[in-house]
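The structure under discussion appears below in the form of structure tokens.
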Amino acid sequence: MQELAWWLVAVLALVCAALAGLLWLRRRAPDAGAAARSEPAPADAREPRALGLTFPAAVAGAGLAPLPAPGAPQRNPVAALVAPPIVRTPALLVAARARRYELRDAAPEPVLVLERGSAEDWRRAAVATPTPMQCELLSGALAHASLLATAGAAAEGDLYRLMLRAGTALPLARGEMSTAGLRVVPAQSLDAAKSPGLAAIVMGLHCAPVYLRGLRREVSAIQADSAGWLRRSSSADERLRALLQDLSRYLREVEENHAGAIRKPVFVARVADFCTQTEQQWRLALAAASGARQRLEAGDAKAGAAEELAQRSLVACCAARMLAAWHGLRLALGDAEPAATLPLRAAAQSLRAAGLEGSEAAQRALGATVQAIEAGFAGEAALMLLLRLDSLGRVLEVRGPVPVE
């Protein structure tokens, strides 16, 4: 058995040696073929014409295909599968050299017009102070302004004039006028989707000096005059105290972003609700002042009745001034209606009839607000905004807006 096992081991060793030899020979064969191909051909093989041999010319239908011409360009097979890029004409060329850009609806006059401005209009307009965000929005909306053609010697290269049609600034800013129905002339010169923001900025810059500056002075005066009774006020005056704080806070928000406030229906409705609440609180304050006066005149008042009457009169007068201020803020947002003058007139008449001490300031505030509401919202007029742009289309300076006749 041991001899048989040794024989099997010997046979397996021989088989393995044979297989290894065959594998080595197969690896050597490709290397030899490559070396043979890399050897230079003999001179006789390279120069068949030197031996006087001739070959027939290629004939159509023969087994050999004709060689390509030496100057034929080689095509890239990958490039043939890729479509060439589509060359589009820049959109800026559509609006090039137009005298004015217009945003039109069905009316004969355009809703918005952008054209070159003149130095004379620039000198007559007052300097405006837009925020950096407003300047950025103006620059983006007037991206094609530099392509406008000059309208004569009076036009300046860097001055532009933006005009809004009368009665369109407020509905356009609030989105009540659909931009889908607006037509741009020439095509692609303006972006109709950005027109509500433009209208809000123009109207905000116009209404700030007309309404908000006077309102801020009046609210500051009310706070100064109310400091005494606010420290001694009872729980019945807490709601009036909160309304005064809300008045200052809402006015500050409108001052910081008038263009955004007029586009918030909830904000405008909240201001109208505060007007109603202030009217109710004023009636309660007037009733308290009248009661204190009657008790003092009847002679059955306790000690300190005169001081109580003075404090109640001051509270009633401050409440009347707050009522006028809230309606003034509502007017600045373009929401005041002619019917809003009725409670203001009634408040002024009640103050005169009550004969409260120090009611003259409240009567003047109520009368001024009534006149402002009857004059109409200033944003309803046709407005013109003047801008100076740099070579990159960025807003450098803004003047106006100026009402246009």
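Bear in mind these aren't lab numbers, they're just calculated from the coordinates by the rules spelled out. These numbers come from a predicted model, not from an experiment. All Cβ positions, even for glycine, are placed from backbone atoms using ideal geometry, and neighbour counts span all protein chains on display.
Taking H placed 1.01 Å from N in the peptide plane, check which residues at least 5 places from residue 158 or on another chain put their amide H under 5 Å from its amide H.
Long-range HN contacts for residue 158: none found.
How big is the stretch 252-328 by the Kirkwood estimate over distinct Cα pairs, in Å?
Working: mean 1/r = 0.0694 Å⁻¹.
Result for the stretch 252-328, one decimal place: 14.4 Å.
Using +1 on the beta carbon of Lys and Arg, -1 on that of Asp and Glu, and nothing else charged, what's the dipole of the stretch 209-376 about the Cα centre, debye to 20? Spell out each step's value before the answer.
Numbers: 22 positive and 19 negative charges, 36 e Å.
I would put it at about 180 debye.
What's the magnitude of the charge dipole for the stretch 164-268 around its Cα centre, counting Lys and Arg as +1 and Asp and Glu as -1 at the beta-carbon? Answer in Debye, nearest 20.
Details: 15 positive and 10 negative charges, 11 e Å.
Value, rounded to 20: 60 debye.
Can you tell me the mean projection area, over all orientations, of the convex hull of the stretch 175-292's alpha carbons? Units nm², please.
On the way: hull surface 38.0 nm².
In nm², the orientation-averaged hull projection of the stretch 175-292 is 9.5.
What's the Cα-based Rg to Rh of the stretch 288-405, Rh via Kirkwood?
The Rg/Rh ratio comes out at 1.27.
Could you derive backbone 3J(HN,Hα) for the stretch 272-284 from the dihedral phi with the Karplus parameters 6.51, -1.76 and 1.60 (θ = phi - 60°), listing whole Hz in sequence and x where the residue is Gly or Pro?
Whole-Hz 3J(HN,Hα) from phi for the stretch 272-284: 4, 5, 5, 4, 5, 5, 5, 4, 5, 5, 5, 4, 5.
Using θ = phi - 60° and the Karplus form 6.51 cos²θ - 1.76 cosθ + 1.60, what ³J(HN,Hα) does each residue of the stretch 387-400 get, whole Hz, x for Gly and Pro?
Once rounded to whole Hz, the list reads 9, 10, 10, 8, 5, 9, x, 8, 6, 9, 8, 10, 9, x.
For a quick check: with amide H placed at 1.01 Å from N, whose amide H comes under 5 Å from residue 404's, ignoring anything fewer than 5 positions away on the same chain?
382, 383, 384
Please sort 8-21, 343-356 by packing, taking for each peptide the average over its residues of neighbouring beta carbons within 10 angstrom, highest first.
Working: 8-21: 10.0, 343-356: 16.9.
Top of the packing list down: 343-356, 8-21.
For the stretch 209-376, build the charge dipole from Cβ charges (+1 Lys, Arg; -1 Asp, Glu) around the Cα centre, then report which of 268, 294, 362 sits farthest towards its positive end.
The one lying farthest along the dipole's positive direction is 268.
With N set to the number of residues, divide the alpha-carbon radius of gyration of the stretch 209-376 by 2.2 N^0.38 Å and report two decimals. Write out the running numbers ahead of the final one.
Working: Rg = 16.2 Å, N = 168, 2.2 N^0.38 = 15.4 Å.
Against the compact-globule rule of thumb, the ratio is 1.05.
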